[in-house]
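Asks: Got a structure here, written out as C-alpha cells. Questions coming.
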C-alpha cells in the first residue's frame, strides 16, 4: 500500500498503518489475506478496485459492524480511511472488554466468564445458520443430538447455557438473551428471535444445543443412518409418507400438504419412498448449505 500511495501522489501518513491494521484484522478473521494475487501489479489493481466492491464472504463469521469496520480500514483512499482516534470510537470497538458482555438486569448485574464469552463467539455462526432452518431440519437436528452422546463434546456449550440461565430455571429468557447479544452481534440478536421459543418466551436446552452445535460434526454418516432408522419404523430400508407423519405427529398438527411437500423435497425418484441416499442428499443440501 505504501507503494500504491506513492504512485498516486497521496500524502504519506499514518493512514498506511490503518490500512495495515485492516489487513491484519482481515487475516485474523478469515485465515486468508485480502487482495491476494500472483503478481504485485495484479495486487495493486485489486486494491484500486476498493475493498467495499470486493466479495466479503470470507468475513461472514463477523457481525455487520465488524465487516463494516474492516471495509473502512481497507479503503484505497487514505483520506477516506478513519484516523486512529476515530477507530477507537467505532461501534465494533467502542464497548470495552468488560462492558462488552455485562448486562445490567432488573435483579442483578450479569457478567459472562471469559471462557463462556469465548465459547459464545465461536458458536454464534452456528446459531445464525440454524435460525434459517425450516421446522423439519430443526427436528432432525434435535433428534440427531438426542440419540448421540454429546455431553463431553459440547460441555462448553452446556456451561454457557448454565451461565446464561440467570434464574436457574433450566431455560433461557429470550428477551435477556436478545439484549445481551445486541451488545455483541446484532445479527445474532435477530437470529435468536427465529429460534423455537416457548409460549412463555423461553428457549429450551435442546433447542439451544441444536442451534449452537456444529452441524457437520453431528451429521456424519453413522448418525444419519441412526436418524434414518428411527424414522423407518417398519425397518423396510425406506421411509414412507406415513412414517414421516408418524415421526412428526408429536410436534404439532400439520396439514396434509406439509407431508406431501416433504416427500417432494426428499424423494428424488418420485416413487413415494425415501431411500437412505435421498435422505443423506437432503441433509447435505438443506442443513449443510455448503457451509
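The values are calculated or read from the model by the stated rules, or taken from the named source; none is laboratory data. Keep in mind the model is a prediction, meaning the values are calculated, not measured. Glycine gets a Cβ as well: all are built from the backbone with ideal geometry, and neighbour counts include every protein chain shown.
Asks: For segment 122-136, how many residues meet the condition of being modelled with pLDDT under 85 and touching a helix residue (DSSP H, G or I) at 6+ places or on another chain (Cβ under 7 Å)? Can you show your working first?
Replies: If we filter segment 122-136 for residues that are modelled with pLDDT under 85, which is where we start, we get 134-136.
Checking which are touching a helix residue (DSSP H, G or I) at 6+ places or on another chain (Cβ under 7 Å) leaves us with 136.
Within segment 122-136, residues that are modelled with pLDDT under 85 and touching a helix residue (DSSP H, G or I) at 6+ places or on another chain (Cβ under 7 Å) number 1.
Asks: Please work out if residue 62 is modelled with pLDDT under 80, within 18 Å of residue 30 (Cα to Cα) and surrounded by 13 or more Cβ atoms within 10 Å (Cβ to Cβ). It would help to see each step written out before you state the result.
Replies: On the way: modelled with pLDDT under 80: yes; within 18 Å of residue 30 (Cα to Cα): yes; surrounded by 13 or more Cβ atoms within 10 Å (Cβ to Cβ): yes.
Yes: the conditions hold for residue 62.
Asks: Being loosely packed, with under 13 Cβ neighbours inside 10 Å and either at negative phi or in the same structural domain as residue 136 (by TED's automatic domain parsing) (or both) is the filter here, so list the residues in segment 262-279 that pass it.
Replies: If the condition is that a residue be loosely packed, with under 13 Cβ neighbours inside 10 Å and either at negative phi or in the same structural domain as residue 136 (by TED's automatic domain parsing) (or both), then 264, 269, 271, 277 are the ones that fit.
Asks: Restricting segment 1-36 to residues that are modelled with pLDDT under 75 and closer than 29 Å to residue 125 by Cα, which is farthest from the chain's Cα centre (by Cα)?
Replies: If we filter segment 1-36 for residues that are modelled with pLDDT under 75, which is where we start, we get 1-13, 29-32.
Add one more test, that the residue is closer than 29 Å to residue 125 by Cα, and what stays is 29-32.
Details: 29: 14, 30: 14, 31: 17, 32: 19 Å.
Of everything passing the filter in segment 1-36, 32 is farthest from the chain's Cα centre (by Cα).
Asks: For segment 190-262, list the helices (runs of 4 or more DSSP H) that sit wholly inside it and hold at least 1 residues that are modelled with pLDDT under 85; which are they? Before you say what the answer is, go through the steps one by one.
Replies: Values: elements: 205-212, 215-218, 221-231, 241-248.
Because the criterion is at least 1 residues that are modelled with pLDDT under 85, the helices (runs of 4 or more DSSP H) in segment 190-262 that meet it are 215-218, 241-248.
Asks: Quick one: how many residues across segment 269-282 are over 19 Å from residue 219 (Cα atoms), assigned to a loop (DSSP other than H, G, I, E, B) and in contact with a strand residue (DSSP E or B) (Cβ under 9 Å, 6 or more places away or on another chain)? Even if it seems obvious, please write down each step before you answer.
Replies: Applying the first criterion (over 19 Å from residue 219 (Cα atoms)) to segment 269-282 yields 269-273.
Now restrict to residues that are assigned to a loop (DSSP other than H, G, I, E, B): 269-272.
With in contact with a strand residue (DSSP E or B) (Cβ under 9 Å, 6 or more places away or on another chain) added as a condition, the list becomes 272.
Summing the residues that are over 19 Å from residue 219 (Cα atoms), assigned to a loop (DSSP other than H, G, I, E, B) and in contact with a strand residue (DSSP E or B) (Cβ under 9 Å, 6 or more places away or on another chain) in segment 269-282 gives 1.
Asks: While we're on this one: Does residue 206 qualify as being buried (at least 18 other Cβ atoms within 10 Å of the Cβ) and either touching a helix residue (DSSP H, G or I) at 6+ places or on another chain (Cβ under 7 Å) or touching a residue at least 60 places away in the same chain (Cβ under 8 Å) (or both)? Show your work before the answer.
Replies: Details: buried (at least 18 other Cβ atoms within 10 Å of the Cβ): no; either touching a helix residue (DSSP H, G or I) at 6+ places or on another chain (Cβ under 7 Å) or touching a residue at least 60 places away in the same chain (Cβ under 8 Å) (or both): yes.
Spelling it out, it is not the case that residue 206 is buried (at least 18 other Cβ atoms within 10 Å of the Cβ) and either touching a helix residue (DSSP H, G or I) at 6+ places or on another chain (Cβ under 7 Å) or touching a residue at least 60 places away in the same chain (Cβ under 8 Å) (or both).
Asks: For residue 224, which of the numbered conditions (1) closer than 16 Å to residue 141 by Cβ; (2) over 26 Å from the mean Cα position of the chain (by Cα) fails to hold?
Replies: Here residue 224 clears every test but (2).
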